[in-house]
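The values are calculated or read from the model by the stated rules, or taken from the named source; none is laboratory data. Because the structure is a prediction, the values reported are computed rather than measured. No Cβ is skipped: glycine too gets one built from the backbone with ideal geometry, and neighbour counts run over all protein chains shown.
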Amino acid sequence: MSRPNTSIHGQWSSRWAFILAATGSAVGLGNIWKFPYITGENGGGAFVLVYLLCIACIGLPLMMAEIMIGRRGRQNPVNTLKSIIKEENKHAAWRYIAWIGLIAGFIILSYYSVIAGQAIAYMFRSFAGIFEGVTAQGAQSIYTTLTNDPERLLAWHTVFIVCTMTVVARGVQGGLEKLVKFIMPALVAILLILVGFAANTGDYFNQGFNFLFTPDFSKITGQGVLSAMGHAFFTLSLGMGAIMVYGSYLPKSTSILKVSIAISIADTAIALLAGMAIFPLVFANGLEVGAGPGLIFETLPIAFGHMAGGALFGGMFFLLLVFAAWSSAISLIEPAIAWLVENKQISRRRASVTAGFAVWLLGLLTVFSYNIGQGWILFGKTMFELLDYLTANIMLPLGGFFIAIFAGWVMSNNSTQEEFAIKSPIVYHGWLLLIRYVAPAAVIIIFLNAIGILA
Ligand code: TRP
């Protein structure tokens, strides 16, 4: 079985382009919207410490595995697994792992886009000064006015899907790479400005900093540990083949260990910086840290509405959110695009239009779950909650588990060692230990929790 030396979709122009693209995938709504609110809900420092441990012991080895598998196969995740299975002489059923991922990415993007659309709407509202002097009640009613209107939600969802598919249609170097080269520096700049702004709140900045970095172990529950682990997967884009397909465009000579460490550190740093930008504002305005998913859309506008230059800073904040979501969205659909191009022999442009339309259509479920479809309840959840639950709590952990098993047990040590080309035997065996035992065991725990057996 001969393996291709490059992907037919082209490859990243450099190691840095890959790091930017994978970091762009990892840094998204997960870092700026979800990380602060689950940290708030789980009492701060101790939760952050557990999350960091999960990134290092589970996320990092799994990221290395996905990149390694992708680069070895050099095709979309389905064909990549097929070719490796053939090479290793293993059972053909292993290729279904890739299918779980392709479908998960598709579903995640359908609701991710609706949330990103809300961020676009908020960006314009903020720049226009709508939040000036807003009360808690006012902020809440601005949010429900947006979400109660299916036409508005649909319009912003459409805008976001079109932006995403336009980039994807232009290909690896002409689309994905160009976008992240522009967005990632802008994102870091905006974030630093916002942290700088938060630093000016004096004592509140220290309060925010201590909330994030002073662990109080009495505040962490078993449930909190589990959600820290689950979030480590989501934030690093693991478990569905997104990083795998990005790895298939990686030049041969690049050290997988080094880029994986760089991406994990960058993703973590951005989540922590987002926390440092947000918590001081929350404390300075006497807002609730444990406000939950509404922290960004219902709470922060109150803070922006009462500070000098709030319209500008608020607008920049939501622009940051839109940028981060954009560079993640392209990675959610890229596995499906690569599959369509390779297996259905259609052009990238056609593949993008087709897949984009299908995701847009599926996104209607989430759009309507806020308004006319509020009463469409299945298993006690709205359509949006159901799709989120199905993907984040079931499909990603399942995908991550099988990818770990595939890399650690199905592939031979010769193959993985050859692809990694890690010189130190201690480092290689450390990875093997984590991917064979630690990561799968942890994923089983997350999974049991997700389906309610441990909870
Ligand atoms: N990591 C992104 C975030 O934090 C979301 C994301 C992009 C993702 N690609 C993914 C999550 C693949 C899981 C799998 O928002």
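Go through Ile142, Ile183, Ile115 for me and flag whichever is at pLDDT 90 or above, within 25 Å of Phe234 (Cβ to Cβ) and of a type in the set (Val, Ile, Thr).
Details: Ile142 fails: within 25 Å of Phe234 (Cβ to Cβ); Ile183 fails: at pLDDT 90 or above.
Ile115 is the lone residue from the list that is at pLDDT 90 or above, within 25 Å of Phe234 (Cβ to Cβ) and of a type in the set (Val, Ile, Thr).
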#### Entry: the stretch 300-347, residues that are in a helix (DSSP H, G or I), surrounded by fewer than 24 Cβ atoms within 10 Å (Cβ to Cβ) and without any contact (Cβ under 8 Å) to a residue 24 or more places away in the chain
Leu340
### Task
Starting from the stretch 25-41, keep only residues that are free of Cβ contacts under 8 Å to residues at least 60 places away in the same chain, then list their pairs with residues that are more than 12 Å from the ligand (Cβ to nearest atom) whose Cβ atoms are within a distance under 8 Å, requiring at least 6 positions of separation or different chains.
none
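Check the stretch 324-336 and report whether any residue there is within 16 Å of the ligand (Cβ to nearest atom), among the aliphatic types (A, V, I, L, M), within 24 Å of Gly196 (Cα to Cα) and touching a Ser or Thr at 6+ places or on another chain (Cβ under 9 Å).
Within the stretch 324-336, the first condition is being within 16 Å of the ligand (Cβ to nearest atom), and the residues that meet it are 324-336.
Subsequent filtering for residues that are among the aliphatic types (A, V, I, L, M) retains 324-325, 329-330, 332-333, 336.
If we keep only those that are within 24 Å of Gly196 (Cα to Cα) too, we end up with 324-325.
Going one step further and asking which of them are touching a Ser or Thr at 6+ places or on another chain (Cβ under 9 Å), we end up with 325.
So far as the stretch 324-336 goes, yes, one or more of its residues are within 16 Å of the ligand (Cβ to nearest atom), among the aliphatic types (A, V, I, L, M), within 24 Å of Gly196 (Cα to Cα) and touching a Ser or Thr at 6+ places or on another chain (Cβ under 9 Å).
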### Task
Could you please find all residues in the stretch 200-246 being among the polar types (S, T, N, Q), outside any helix (DSSP H, G or I) and buried (at least 22 other Cβ atoms within 10 Å of the Cβ)?
Ser237
### Message
Taking the criterion of being crowded, with 19+ Cβ neighbours inside 10 Å, within 14 Å of the ligand (Cβ to nearest atom) and not charged (D, E, K, R), would at least one residue in the stretch 361-384 satisfy it?
### Response
no
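Collect the residues in the stretch 22-51 that are hydrophobic (A, V, I, L, M, F, W, C) and out of contact with any Phe, Trp or Tyr (no Cβ under 6 Å at 6 or more places or on another chain), keeping them in residue-number order. Walk me through it before giving the result.
Restricting attention to the stretch 22-51, the residues satisfying the condition of being hydrophobic (A, V, I, L, M, F, W, C) are 22, 26-27, 29, 32-33, 35, 38, 46-50.
Within the stretch 22-51, Ala26, Val27, Leu29, Ile32, Trp33, Phe35, Ile38, Phe47, Val48, Leu49, Val50 qualify.
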### Query
Can Ile58 be described as in contact with a helix residue (DSSP H, G or I) (Cβ under 6 Å, 6 or more places away or on another chain), away from the ligand (no atom under 13 Å from the Cβ), farther than 23 Å from Ala324 by Cα and part of a helix (DSSP H, G or I)?
yes
## Note on the structure
Counting only residues that are polar (S, T, N, Q) and surrounded by 20 or more Cβ atoms within 10 Å (Cβ to Cβ), the stretch 348-360 contains a total of 1
#### Entry: Pairs, first within 26 Å of Thr80 (Cβ to Cβ) in the stretch 223-252, second within 10 Å of the ligand (Cβ to nearest atom) and not in a helix (DSSP H, G or I), C-beta under 7 Å, six or more apart
Phe233/Gly239; Ile243/Ser237
### Task
Consider Trp339 carefully, then state whether it is within 16 Å of the ligand (Cβ to nearest atom), modelled with pLDDT of 95 or more and aromatic (Phe, Trp, Tyr).
yes
#### Entry: Options Lys86, Lys82: the member that is of a type in the set (Lys, Arg) and touching a residue at least 24 places away in the same chain (Cβ under 8 Å)
Lys86
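In the list Leu365, Leu361, Leu387, Leu398, which residue meets the criterion of being more than 27 Å from Val245 (Cα to Cα) and either in contact with a strand residue (DSSP E or B) (Cβ under 8 Å, 6 or more places away or on another chain) or assigned to a helix (DSSP H, G or I) (or both)? Quick ask: steps written out before the conclusion?
On the way: Leu361 fails: more than 27 Å from Val245 (Cα to Cα); Leu387 fails: more than 27 Å from Val245 (Cα to Cα); Leu398 fails: more than 27 Å from Val245 (Cα to Cα).
On inspection, the qualifying residue turns out to be Leu365.
For residues in the stretch 20-52 being more than 15 Å from the ligand (Cβ to nearest atom), assigned to a helix (DSSP H, G or I) and in contact with a helix residue (DSSP H, G or I) (Cβ under 8 Å, 6 or more places away or on another chain), which is farthest from Phe213 (Cα to Cα)? Break it down into steps so the answer makes sense when it comes.
Filtering the stretch 20-52 for residues more than 15 Å from the ligand (Cβ to nearest atom) gives 40-50, 52.
If we keep only those that are assigned to a helix (DSSP H, G or I) too, we end up with 40-41, 45-50, 52.
Filter once more, so that each one left must be in contact with a helix residue (DSSP H, G or I) (Cβ under 8 Å, 6 or more places away or on another chain): 40-41, 45-48, 50, 52.
Numbers: Gly40: 12, Glu41: 15, Gly45: 5, Ala46: 8, Phe47: 10, Val48: 7, Val50: 12, Leu52: 11 Å.
Across the stretch 20-52, the extreme among qualifying residues is Glu41.
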